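Working notes, structure below.
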Amino acid sequence: MIEVNGYRIALDDPLVLAGLGGLALVVLLVVLLLVTLRAARRSARLADPLIQTMVRLGERVEALGAGQERLSGGLQHVSEAQAAAQARVLQVVEQRLTEVSRGMAESLQGTATRTARSLGELQQRLETIDRAQANIEKLSGNVLSLQDILSNKQTRGAFGEIQLNDIVRKAMPPDAFTMQATLSNGRRADCLIHLPNPPGPIVIDSKFPLEAYEALRRAETQQQLVEAQRNLRTAVRNHVKAIAERYIIEGETADGALMFLPSEAVYAELHANFPDVVREGFGLKVWIVSPTTCMATLNTMRAVLKDARMREQAGAIRATLRQLHRDVELVVERVGKLSVHFNQARADIEGITTAAERAGKRASKLDNFDFEELAPGQEPLVLSRPPTGEQGG
């Protein structure tokens, strides 16, 4: 039995037992409720990260969906861009292939044209070679003919005369020479140059001793060489003496004559190996010349002839110079008059410029003048007159 505040409670009382049982049940329920609440609170705390994770997973799923959509759009854009790029590449490739084809066609056409031109030029060159070959064959025949000509003394003299004639006609005026001129002694000169006195007309003989020179060229032994040199020396001396005797006539021709050798080789041989013969020619006043030295000598004669003719025309030249001097004086006089006119014109232009400047200044004053109405009783402004010396402007 339990006594509470003066009340006695028997523990074996059914009511007490029932009350205690109910109380225990209530306490148990409260404990269970507390335990449940605590478990629920713990479960809620444990569920919060899971919920947040699920929320984040949902957001990521949405982001993945949006990214998938963007990726799909990007893939479509890439596909379209790739198709456009492929089309452009195909177009460029096609255009490039067209250009390459056109270039190859033009190149092939140009190559064909150049090949045809080269073949044409080659054909022309072959034709030129054929003509040259024909000319060589013809020249060979001419050389043989020339040898035939030079082997004959008369034809050789004619050949020398033809060559001399050609040289003289190129170097001298037509009235300055005579071919095959006959002298007072009855001798016929191959060429006579009409030079004034002094020195007077001079004869050119075109014959030359070729047989002795050819023998000298053909000499193989020392004995043949000595014999050919002796024969050549003798032939040239005899020819020089004949020229001096036949073509140097006192009072009619110059005191000298020219021996023309139409061969530079013979001329070089004489001066190189036969200087004594050349000196003997100088002593007899017979000068040996080759085609080259003959042309130089004729040019000198032409200068002498020109100087003589100028002396003959000295009077006419002086008269012409006097007339030229008078013309120059007239030109100077007219230039002086023209200079006076130019000075006057320059002065007039300066006066016109000064007058124009004054007119401009006056126009500027009038432009700046204020044309306002005059007040009653006010007199108008009178512009000052220019000085008397300026009225002419």
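If you check Val89 against the conditions, is it in a helix (DSSP H, G or I), surrounded by 10 or more Cβ atoms within 10 Å (Cβ to Cβ) and modelled with pLDDT of 75 or more?
Working: in a helix (DSSP H, G or I): yes; surrounded by 10 or more Cβ atoms within 10 Å (Cβ to Cβ): yes; modelled with pLDDT of 75 or more: yes.
For Val89, the condition - in a helix (DSSP H, G or I), surrounded by 10 or more Cβ atoms within 10 Å (Cβ to Cβ) and modelled with pLDDT of 75 or more - is met.
Looking for whichever is surrounded by fewer than 18 Cβ atoms within 10 Å (Cβ to Cβ) and at pLDDT below 85 here; the options are Glu211, Glu252, Glu227. Which one fits?
On the way: Glu252 fails: at pLDDT below 85; Glu227 fails: at pLDDT below 85.
Within the list Glu211, Glu252, Glu227, the selection yields Glu211.
Would the range 150-164 turn up any residue that is crowded, with 17+ Cβ neighbours inside 10 Å, farther than 25 Å from Lys285 by Cα and either at pLDDT 85 or above or of a type in the set (Ser, Thr, Tyr) (or both)?
no
Which of the residues that make up the range 188-208 are crowded, with 21+ Cβ neighbours inside 10 Å and among the charged types (D, E, K, R)?
Asp190, Asp205
Which residues, taken from the range 203-253, are part of a loop (DSSP other than H, G, I, E, B), farther than 21 Å from Leu164 by Cα and in contact (Cβ under 8 Å) with a residue 12 or more places away in the chain?
We begin by selecting, within the range 203-253, every residue part of a loop (DSSP other than H, G, I, E, B); these are 206-209, 219-221, 248-253.
Applying the additional criterion that residues be farther than 21 Å from Leu164 by Cα yields 219-221, 249-252.
Of everything in the range 203-253, those that are part of a loop (DSSP other than H, G, I, E, B), farther than 21 Å from Leu164 by Cα and in contact (Cβ under 8 Å) with a residue 12 or more places away in the chain turn out to be Ile249, Glu252.
Given (1) of a type in the set (A, V, I, L, M); (2) under 60 Å from the mean Cα position of the chain (by Cα); (3) within 22 Å of Pro291 (Cβ to Cβ), where does Ala235 come up short, assuming only one miss?
(2)
Regarding Arg45, is this residue assigned to a helix (DSSP H, G or I) and surrounded by fewer than 10 Cβ atoms within 10 Å (Cβ to Cβ)? Let's see the steps before the verdict.
On the way: assigned to a helix (DSSP H, G or I): yes; surrounded by fewer than 10 Cβ atoms within 10 Å (Cβ to Cβ): yes.
Yes.
So the check is Cβ under 9 Å with 6+ separation or different chains; which pairs have a first residue in the range 298-310 that's closer than 23 Å to Trp287 by Cα and a second one that's assigned to a helix (DSSP H, G or I) and among the charged types (D, E, K, R)?
Correct list of pairs: Leu298/Lys170.
What do you reckon, is Ser263 at pLDDT below 85 and within 47 Å of the chain's Cα centre (by Cα)?
Working: at pLDDT below 85: yes; within 47 Å of the chain's Cα centre (by Cα): yes.
For Ser263, the condition - at pLDDT below 85 and within 47 Å of the chain's Cα centre (by Cα) - is met.
Filter the helices (runs of 4 or more DSSP H) completely within the range 262-338 down to those with at least 2 residues that are farther than 26 Å from Glu227 by Cβ and of a type in the set (Gly, Ala, Ser). Break it down into steps so the answer makes sense when it comes.
Working: elements: 264-273, 275-283, 291-312.
Result: 291-312.
When both residues are 6+ apart or on different chains and their Cβ atoms are under 6 Å apart, which pairs have a first residue that lies in the range 158-179 and is without any contact (Cβ under 8 Å) to a residue 24 or more places away in the chain, and a second that is of a type in the set (Val, Ile, Thr)?
Once the first residue is without any contact (Cβ under 8 Å) to a residue 24 or more places away in the chain and sits in the range 158-179, its partners that are of a type in the set (Val, Ile, Thr) give Phe177/Val168; Phe177/Ile193.
The values are calculated or read from the model by the stated rules, or taken from the named source; none is laboratory data. As the structure is a prediction and not an experimental result, all values here were calculated from the model. Cβ sites come from the backbone with ideal geometry, for glycine too, and all protein chains shown count toward neighbours.
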